[in-house]
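Here the structure is laid out as structure tokens; the discussion comes afterwards.
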Amino acid sequence: MPDGPRYVVLREIADDTWQVVAEVPRRAGLPARRGRAQAVEDALGRPPAEGERYAVILRSEWRLSLDW
């Protein structure tokens, strides 16, 4: 696993049903909201289409949530 913070990008595929799309590096220097938007674009290779819903969390938070 490469060093540095990473994001996990999720796509909503049905009401309250999410699918992991990708894990991408966090780009340094971007504010949090812009960094998450960039993570979606990096994961898709394009901007999200109208009506698509994504969630982005830091991989470290994802791993912590598995401890419960």
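Looking across the range 17-40, the residues that are out of contact with any strand residue (DSSP E or B) (no Cβ under 9 Å at 6 or more places or on another chain) and either β-branched (Val, Ile, Thr) or over 12 Å from Arg6 (Cα atoms) (or both) come down to Thr17, Gly29, Leu30, Pro31, Ala32, Arg33, Arg34. The residue that is most open to solvent (accessible area, probe 1.4 Å), among those in the range 1-19 that are touching a residue at least 12 places away in the same chain (Cβ under 8 Å) and farther than 14 Å from Leu58 by Cβ, is Trp18.
Look at the range 1-48 and say how many of its residues are in a loop (DSSP other than H, G, I, E, B) and among the small types (Gly, Ala, Ser).
If we filter the range 1-48 for residues that are in a loop (DSSP other than H, G, I, E, B), which is where we start, we get 1-5, 15-16, 26-31, 45-48.
Then drop every residue that is not among the small types (Gly, Ala, Ser), which leaves 4, 28-29, 45.
Residues meeting the conditions: 4.
Residues of the range 22-36 that are within 9 Å of the chain's Cα centre (by Cα) and open to solvent by less than 40 Å² (accessible area, probe 1.4 Å): Ala22, Val24.
Checking the structure you have, find out if any residue of the range 49-67 is of a type in the set (A, V, I, L, M), open to solvent by 50 Å² or more (accessible area, probe 1.4 Å) and touching a residue at least 40 places away in the same chain (Cβ under 8 Å). Yes, the range 49-67 contains a residue that is of a type in the set (A, V, I, L, M), open to solvent by 50 Å² or more (accessible area, probe 1.4 Å) and touching a residue at least 40 places away in the same chain (Cβ under 8 Å).
The values are calculated or read from the model by the stated rules, or taken from the named source; none is laboratory data. Computed from a prediction, not measured in an experiment: that's the story for all the values here. Here the Cβ is made from the backbone with ideal geometry for all residues, glycine too, and neighbour counts use every protein chain on show. Areas reflect the complete protein model, heavy atoms only, side chains present, ligands, DNA and RNA absent. Shrake-Rupley method; radii C 1.70, N 1.55, O 1.52, S 1.80 Å.
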